[in-house]
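Quick notes on the structure that follows.
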């Protein structure tokens with residue numbers, strides 16, 4: 001590259017620009033990787049699992065109530081029929097043993113069915129009660145989770161705002177610095193910043209480059225030593241800007 005000459009002030013401004021760029025990258029990285037963001041994501045996933053469990057138990061509860069209603073209706077029907085058959089059996093209108101036995105058999109069948117339905121109903125009621133208990137417990141957990149989420153969201157918003165403010169301040173300082181640098185120097189710096197984000201420009205300090213830390217040849221070292229103070233050249237090993 002063609003050597004550029006910069007005043008002491010311009011050199012300091014160039015390093016100041018590089019410092020602001022480094023700070024901006026750091027702040028952007030911090031904003032993207034805030035621990036509160038990961039924690040919030042975990043809390044939201046946990047909340048989703050909790051809500052899914054509540055929904056599942058509520059769905060079970062609906063089915064339990066449907067079955068409970070069905071069993072109660074069938075039991076009511078059986079009890080009505082038992083009263084009818086029992087009344088007929090002892091009404092005095094039965095005249096044959098065959099008729100009496102038929103009614104007794106029906107009563108036995110109805111009572112057996114009634115016992116089975118009552119057992120099934122008790123089981124349904126127990127399961128329904130368990131589901132309600134779980135829903136209440138999980139709703140309490142959900143309330144705690146929502147509170148934790150609000151706290152983390154508030155913290156995340158506050159920290160993001162603080163870092164964003166610092167980034168805007170750094171951007172403002174950067175813009176002011178850019179205004180005072182020569183176009184050629186700025187273009188040379190920006191071209192290398194894409195390759196070397198943190199140290200596109202380094203100070204000359206002997207044969208070892210302060211960027212890539214490789215040793216330049218004696219001829220290259222002597223060449224840079226012979227340049228005017230403030231001259232901008234490039235490292236023959238990595239291509240970074242080197243300030244004499």
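Where a number appears in this text, it was derived from the coordinates with a stated rule and is not lab data. Since this is a predicted model, take the numbers as computed values, not measurements. With ideal geometry, Cβ positions are generated from the backbone for all residues, glycine too; neighbour counts draw on all protein chains shown.
Before moving on, here are some points about what is shown:
- Residue 63 falls short on exactly one of the conditions (1) in contact (Cβ under 8 Å) with a residue 12 or more places away in the chain; (2) out of contact with any helix residue (DSSP H, G or I) (no Cβ under 7 Å at 6 or more places or on another chain), and that condition is (1).
- Inside the stretch 8-51, residues that are in a helix (DSSP H, G or I) and either over 30 Å from residue 179 (Cβ atoms) or touching a helix residue (DSSP H, G or I) at 6+ places or on another chain (Cβ under 6 Å) (or both) make up a count of 26.
- Residues that are within 21 Å of residue 5 (Cα to Cα) and surrounded by 15 or more Cβ atoms within 10 Å (Cβ to Cβ), drawn from the stretch 183-208: 185, 186, 188, 189, 192, 193, 199, 200, 201, 202, 204, 207
- Verdict on residue 54 being without any contact (Cβ under 8 Å) to a residue 12 or more places away in the chain, in contact with a helix residue (DSSP H, G or I) (Cβ under 6 Å, 6 or more places away or on another chain) and surrounded by 13 or more Cβ atoms within 10 Å (Cβ to Cβ): no
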